[in-house]
1. Here is a list: Thr68, Thr161. Which entry is open to solvent by 40 Å² or more (accessible area, probe 1.4 Å) and under 30 Å from Ile177 (Cβ atoms)?
2. Only one residue in Ile41, Ile58 is out of contact with any Ser or Thr (no Cβ under 8 Å at 6 or more places or on another chain) and either open to solvent by less than 90 Å² (accessible area, probe 1.4 Å) or of a type outside the set (Val, Ile, Thr) (or both), so which one is that?
3. Within region 175-187, track down each residue that is assigned to a helix (DSSP H, G or I), surrounded by fewer than 18 Cβ atoms within 10 Å (Cβ to Cβ) and either out of contact with any helix residue (DSSP H, G or I) (no Cβ under 9 Å at 6 or more places or on another chain) or not hydroxyl-bearing (Ser, Thr, Tyr) (or both).
4. Taking region 77-92 on its own, how many of its residues are part of a helix (DSSP H, G or I) and free of Cβ contacts under 8 Å to residues at least 60 places away in the same chain?
5. Of all residues in region 190-242, which are under 30 Å from Asp87 (Cβ atoms), assigned to a loop (DSSP other than H, G, I, E, B), open to solvent by 30 Å² or more (accessible area, probe 1.4 Å) and among the small types (Gly, Ala, Ser)?
6. What's the total number of residues in region 161-188 that are in contact with a Ser or Thr (Cβ under 7 Å, 6 or more places away or on another chain) and either over 23 Å from Leu237 (Cβ atoms) or of a type outside the set (S, T, N, Q) (or both)?
7. Would you confirm whether any residue within region 110-120 is over 22 Å from the mean Cα position of the chain (by Cα) and either within 24 Å of Ser251 (Cβ to Cβ) or open to solvent by 60 Å² or more (accessible area, probe 1.4 Å) (or both)?
Amino acid sequence: MKEFPDLRIPIGDGVESFIDFLAANFQALFDFIFVITSSSIKGLESALLAIPWWVLIIVVVILGWYFTSLSGGILFGLFMFLVGSFDLWPETMTTISIVLISVILSLAIGIPFGVLMAFNNILSVIMRPILDAMQTMPTFVYLIPVIFFFPLGNVPAVIATIIYAMPPVMRLTELAIRNVDKEVVESAQSFGSSTMQMLTKVQLPQALPTIMAGVNQTTMMALAMAVVGSMVGAQGLGERVLYAINRIDISLGFEAGISIVFLAIIIDRITGGIADRLQKHRGNAS
């Protein structure tokens, strides 16, 4: 009676069968996704590498100055200069490309879904446990199914990153729209606004600061997947960290790791500054 009975519920086998079914019947779709995603990453990476390093640093300084402060912009520029001094500039551009593509796709899927969840209680109830699972599932588990659908490289890392990073923006988009002042919504309805007009001209502008907080969280989580994605062939700084681990190279591991930290700080402060400006603009408009 102390031991658990010899009973097994093969949920994992069912998931494996479903993955095999998708891989066998939708390979053309996965090939299309691979080509589009891979081309986007390579195109963005090539564009970033074509820009002189000092121009990118100046852009980072200007963005930091505009959205945070002059001292913040100078500090961000110093961070980028240090990354270049580590001889990790190409890898950094690759990581930025992967993160940007992952974030763009996450937002393209997550924000519309969050809007739908705000207007449909049934969909919201269904999606909440799914989002819980997406956020609490160990990130390494996401790498297992994607390698069945895509060749090793940047694309499976992007897909796994999207699954991991999308929930925050979905949750905060739903929360932001639901928390829009009901009196404002009723006023828009009384003037004969359609559902789409009310969404685009009233609810989304009012909810934008909170949505930007979701964008910030999604971006940070995408960057956190940089090292995990390297285990399925993703290039960039994560690949250098993994290489350093395998070689027990403390110097390379620290430099690649601190470069990821620098990127995280820059992205967090700039996106946070954008959210603060939107919040102030909303307050002034009110």
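The values are calculated or read from the model by the stated rules, or taken from the named source; none is laboratory data. Keep in mind that this is a model prediction, so the values were computed, not measured. Please note: Cβ atoms are built from the backbone with ideal geometry, for glycine as well, and neighbour counts cover all protein chains shown. All accessible areas refer to the heavy atoms of the entire protein, side chains included, with ligands and DNA or RNA removed. Shrake-Rupley method; radii C 1.70, N 1.55, O 1.52, S 1.80 Å.
1. Thr68
2. Ile58
3. Hits for region 175-187 are Leu175, Arg178, Lys182, Glu183, Val184, Val185, Glu186.
4. Total meeting the criteria: 7.
5. Gly233
6. The initial filter retains those residues of region 161-188 that are in contact with a Ser or Thr (Cβ under 7 Å, 6 or more places away or on another chain), namely 161-162, 164-166, 168-169, 172, 174-176.
Pick out the ones that are also either over 23 Å from Leu237 (Cβ atoms) or of a type outside the set (S, T, N, Q) (or both) and you get 162, 164-166, 168-169, 172, 174-176.
Number of matching residues: 10.
7. yes
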